[in-house]
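Each remark here refers to the structure printed beneath this line.
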Amino acid sequence: MMNFLGNFITPAGMWNPLIWVFVSLIIFLIAYLIWSRGESRYKKGTEQTLPFLSGYAPESAEGTHVRAGNIYWGFVTALKGYYKVLRKIHTGNVNDYVGWYVGILAIMLLIYLLWGGA
């Protein structure tokens, strides 16, 4: 029978459920205090819920969309050679990605068993 009010000793260390409950309550209290100080005049379904982007109200939903190519332009330009290779091997087929994942996992398991494992 386990003592839920005492400490649990595990291979990863010791922990106490009461401490976790206490910490969770404190976090909840802090979150509630932050939430309670929020704006109380907010009204759903009014002009307050309309999109507003960089000082103007867009006329359509497309006006609020900022493409990733625009945000990461410098990053993508700096790594252009790397992205060329990735685009060539990118198929968009989930089966290919699962196959790569299973294959690499099998290789890692083999390396672990041969050189460092049980």
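The values are calculated or read from the model by the stated rules, or taken from the named source; none is laboratory data. The structure displayed is predicted, hence computed values, not measured ones. We place every Cβ from the backbone using ideal geometry, glycine too, and count neighbours over all the protein chains shown.
Among the residues here, Tyr83 does not qualify as at pLDDT 90 or above, surrounded by 10 or more Cβ atoms within 10 Å (Cβ to Cβ), aromatic (Phe, Trp, Tyr) and in a helix (DSSP H, G or I).
Filter region 38-63 for residues that are in a helix (DSSP H, G or I) and not polar (S, T, N, Q); which is modelled with the lowest pLDDT? Residue satisfying both the conditions and the ranking: Gly63.
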